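Encoded as structure tokens, the structure appears first; notes follow it.
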Amino acid sequence: MTNPNSLPLTDQQIAERLAATLDLAQTQLGSDVTAQLVALRREALQQGVAKSVLDRKGNAGLQWPAYSGPQWAAMAAMVALCAITLGVGHRWLPAESGAPLLVNRVNAIAPGSEVAPETAVAHEPSVPTVHSPALQTIESMPEAYTEDPQMLADWEMLDAIGEDPDAS
Amino acid sequence: MPLNAFLASVERRAYRMALLAAREHADALDIVQDAMFSLVKHYAEKPATEWPLLFQRILQNRILEWHRHQTRSKRWFSRWFSNSVDEDEEDPLALVEDPQEGDPQVLLARAGDINIVLKCVEALPVRQQQAFLLRAWEGLDVADTAAAMQCSEGSVKTHYFRAIQTLRQTLVQAHAPVADQREGNS
């Protein structure tokens, strides 16, 4: 006959024994630990209750207003109208109030400029014009000069060997 | 049941669970307080019958968060200052299929020794530890354990099975040096 004490333990038996031992371990918790647990429980209760009251008050202010659908639509339309107005208005702003005029004035008083400052101020182009001497030189070139195949080939060759075509 | 009484009834076991996972008294207290605070803040108005499972869920979450944070810190630390690799999640002992079975009587005696049991449970990987404590100690069924651990029931069964196998193995190993010592003395 097999001795029941020699049978291997089942998982259930081991688990039950371990659980009983853990229960036993709980009885040996020190009084200082118990006191700390009581203190932190009280603190958690006080803070938790206080925080939850605060949250309820705070959340009330952060909730979305209870507007109806048409009211939301009207507000969205107003916002869109404002955005369109601002966008279109920005495009129609007069040149005096924006950066183009500043560029114009700076160029107008640059050395070698052909346009007098007072002319530049009076001239109010919708598109800013640049009056630098270098640009005027390029603009004054004949079309044939830049479209001549031989000239273009020369330029490409000079570009390839890293020389400045204008240096010659 | 008022919330204060409920918390008083679970705080010691919660502390033990946190201590087994964190192994530091102060950290365990922090985890328990966080869990209590969260329960009071978010679920105080829930029916009292729901508090135990909610509290377990919060507590296990906090333990897992703490463990993940520690693992991250350890990983960074070990990357710079040592070559050790954290293998906590993949315990090779848990994968042993046929652990050496010791004498049942000695095994039972070891399983009744508080210090040995605490060390063995402490050494479990955190998910196995959670599954074991919730199933065997708290007495939750598989579904409630899965809810508390926020994983599938299949995962709970796997973690629990591995936990028991690992505990059985470590209890046998805890027994071995004593037997050797006895043989050496005789």
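The values are calculated or read from the model by the stated rules, or taken from the named source; none is laboratory data. None of these values were measured; they are calculated from a predicted model. Neighbour counts run over all protein chains shown; Cβ positions are idealised from the backbone, glycine included. SASA here: full protein model, heavy atoms, side chains in, ligands and nucleic acids out. Shrake-Rupley method; radii C 1.70, N 1.55, O 1.52, S 1.80 Å.
Some observations on this one:
- Accessible surface of region B:1-82, 1.4 Å probe, proportion on carbon and sulfur as whole %: 54 percent
- Formal net charge of residues neighbouring A:A19 (Cβ-Cβ distance under 13 Å; K, R +1; D, E -1): 0
- A:D23 paired with A:L152, simple spin-label distance in nm, labels 7 Å along Cα-to-beta-carbon: 9.7 nm
- Inter-probe distance in nm under a simple model that places probes 7 Å from Cα toward Cβ, at B:D27 and A:A39: 2.2 nm
- Leading residue at positive end of dipole, region B:115-156 (Cβ point charges), from B:G139, B:C151, B:C120: B:C120
- Label point distance in nm, B:A123-B:A143, each placed 7 Å from Cα along Cα→Cβ: 3.6 nm
- Chains B and A together bury some 3600 Å² of accessible area, summed over both sides, with a 1.4 Å probe.
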